[in-house]
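Below is one structure, written out as structure tokens; the observations come after it.
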Amino acid sequence: MDTIFTFITMAFPKAGAQVSGLPLTLNLLLTAYVVLRHPNQTLLSIQKYHDLAVAYALLFVFGLHSMLLAVAQGVSPYALSQMLIVIGSPLVAVSALRLNAEKFTKIVICAMLIVNLYAVAQYTAGIENTAIEGITYTYGQSIFDKPIGLSVDGTAEKMISTYQNGNSFGLFDALGLSYLLNRLPIDHKWNIAKLCALFLGFIGFMLSGSRSIQIPFILVLLFILIQYIKRTPSRLRQNIIGGCITGLVIMAIFLSYNSTMMSKFLDRLITQTVADPTASGRTEQWNIIFSSISNMDTITLIRQFLLGKNPQADFRGEGLPDFFATFGLPCTIAFYSGLILLIIHCWKSKYGKTTALGILSVSIAFCFDQSYYYPPDIMNVYLFAAAVYLLSNQKAMQTRCLERRFA
């Protein structure tokens, strides 16, 4: 069941139906199952690192109180479900920890191939023409209600793949690419599949149109490639460098025959970013949040700092300021500290440095958009971090076995 959950979470996270105005997806149903099946294992999974357990305990306690107070003050079911997703998503790490590193890697490769091939199909044939209700998007919802960034000519600026959202799709690609740019426990055939997944992953990442993840990931990509080469044995480094150069040439040829794709990517990433100093209205939203908080009376201000705003308050934004507005200061510190701790622990592992940089880019994206409210974005972060722990332990165990054999 952990294999199915991990695959569905990465490849078809929105498969399901809308019930009473709320999406009831297979991902959410399986989440409840894998978390509650063995509660002791779930609690132990978050305690693999003591400091991370402390951060999560703080998030859970204050987040739960924020939710209960919001319920008492008439929060909408949809907003309540978003709060629950933030608090509960880190617990799915238990699913990855019950797999082995090879199986997890194969799941990632398959998911990367599926979601990115589908994104290319969306780009080629159109989002509506390739949509499969109940599988690639939630049954009962309209695909055009999703943030696909329709331009004046009716074309979509963001390919949403099976994630129904270009930002979420881009986040998954950033994590998948950073994880696969590592030496992983797979055979030759799967290594070829991994190379295909990497190539399609870069194409899909460009098509996602999510500047909040594209900009930070591009900034760390050079360091990811350096770490990838460092982790490669010296006898193979020339082959790896040659392979990287070959891959870049192939991608350059591919993009030269698809100049529209490249021009759209550069236009959205550079031209639109420079032309819009408000970051798609985010700075204006943040000003409204800070202005509203500064005008609060003492009692309301204390409640805001401890447990977040009254759900009836009419200010809302994106990223870290909105997280603080919704949950308050303790939860904000706990959530973002947890991400920082994941980055540190992955970086300390010689098998997790590229993944650490991927999580870093996603954490920066969480500072600028609301993707943390939507499954499976936080889930994927913790699944990949758990995979690094799994890979490190597996390698350590193999080393100890060899030492005993030759002792």
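In this structure, does V35 turn out to be β-branched (V, I, T) and touching a residue at least 60 places away in the same chain (Cβ under 8 Å)? Spelling it out, it is not the case that V35 is β-branched (V, I, T) and touching a residue at least 60 places away in the same chain (Cβ under 8 Å). Return a yes/no flag: does the range 156-164 have any residue that is on the phi > 0 side of the Ramachandran plot, open to solvent by less than 20 Å² (accessible area, probe 1.4 Å), assigned to a helix (DSSP H, G or I) and in contact (Cβ under 8 Å) with a residue 24 or more places away in the chain. Yes, that holds for at least one residue. As a summary of the residue check, L200 satisfies the conditions (1) open to solvent by 20 Å² or more (accessible area, probe 1.4 Å); (2) part of a loop (DSSP other than H, G, I, E, B); (3) touching a helix residue (DSSP H, G or I) at 6+ places or on another chain (Cβ under 6 Å) except for the one numbered (2). The set of residues in the range 62-100 that are among the small types (G, A, S) and either without any contact (Cβ under 8 Å) to a residue 60 or more places away in the chain or surrounded by fewer than 21 Cβ atoms within 10 Å (Cβ to Cβ) (or both) comprises A72, G74, S76, A79, S81, G88. Being closer than 29 Å to G308 by Cβ, free of Cβ contacts under 8 Å to residues at least 40 places away in the same chain and open to solvent by 40 Å² or more (accessible area, probe 1.4 Å) is a property that L26 lacks. The requirement of being of a type outside the set (A, V, I, L, M) and touching a strand residue (DSSP E or B) at 6+ places or on another chain (Cβ under 9 Å) is satisfied by E133. One residue stands out in the range 342-373 among those that are open to solvent by 10 Å² or more (accessible area, probe 1.4 Å) and among the polar types (S, T, N, Q): the one that is nearest to A325 (Cα to Cα), namely Q370. Answer yes if at least one residue in the range 329-351 is in contact (Cβ under 8 Å) with a residue 12 or more places away in the chain, in contact with a Lys or Arg (Cβ under 6 Å, 6 or more places away or on another chain) and closer than 28 Å to T138 by Cβ, and no otherwise. No, every residue in the range 329-351 fails to be in contact (Cβ under 8 Å) with a residue 12 or more places away in the chain, in contact with a Lys or Arg (Cβ under 6 Å, 6 or more places away or on another chain) and closer than 28 Å to T138 by Cβ.
Residues in the range 11-47 that are aliphatic (A, V, I, L, M), touching a Gly at 6+ places or on another chain (Cβ under 8 Å) and assigned to a helix (DSSP H, G or I): L26, L28, L29, V35. Taking each residue of the range 290-317 that is in contact (Cβ under 8 Å) with a residue 24 or more places away in the chain and looking for partners that are assigned to a helix (DSSP H, G or I) and open to solvent by 60 Å² or more (accessible area, probe 1.4 Å) with beta-carbon atoms closer than 6 Å, six or more apart or interchain, yields F305/L329; L307/H65; F315/I288. Residues that are touching a Lys or Arg at 6+ places or on another chain (Cβ under 6 Å), among the hydrophobic types (A, V, I, L, M, F, W, C) and at pLDDT 85 or above within the range 105-152 comprise just one, I109. In the set F5, F62, only one residue is within 19 Å of L329 (Cβ to Cβ) and of a type in the set (F, W, Y); that residue is F62. Counting only residues that are among the aliphatic types (A, V, I, L, M) and in contact (Cβ under 8 Å) with a residue 60 or more places away in the chain, the range 38-56 holds 2 of them.
So that you can scan it fast, the table gives a plain yes or no per residue for (1) more than 20 Å from the chain's Cα centre (by Cα); (2) assigned to a helix (DSSP H, G or I):
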| residue | (1), (2) |
| --- | --- |
| V54 | yes, yes |
| V61 | yes, yes |
| L64 | yes, yes |
| G74 | yes, no |
| P90 | no, yes |
| F104 | no, yes |
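At pLDDT below 85, among the basic types (K, R), out of contact with any Pro (no Cβ under 9 Å at 6 or more places or on another chain) and surrounded by fewer than 23 Cβ atoms within 10 Å (Cβ to Cβ): does that describe K189? Considered against the rule, which asks whether it is at pLDDT below 85, among the basic types (K, R), out of contact with any Pro (no Cβ under 9 Å at 6 or more places or on another chain) and surrounded by fewer than 23 Cβ atoms within 10 Å (Cβ to Cβ), K189 comes out as no. Taking the criterion of being of a type in the set (A, V, I, L, M), modelled with pLDDT of 90 or more and within 18 Å of G134 (Cβ to Cβ), the residues of the range 18-46 that qualify are L26, L28, L29, L30.
Of the residues that sit in the range 283-302 and are out of contact with any helix residue (DSSP H, G or I) (no Cβ under 8 Å at 6 or more places or on another chain) and not polar (S, T, N, Q), which one is farthest from M83 (Cα to Cα)? Step by step, filter the range 283-302, then rank; the result is D297.
The values are calculated or read from the model by the stated rules, or taken from the named source; none is laboratory data. Quick caveat, the model's predicted, so the values are computed rather than measured. Note: ideal-geometry Cβ built from the backbone for every residue, glycine included; neighbour counts use all protein chains shown. In case anyone asks, the SASA skips ligands and DNA or RNA and just uses the protein heavy atoms, side chains included. Shrake-Rupley method; radii C 1.70, N 1.55, O 1.52, S 1.80 Å.
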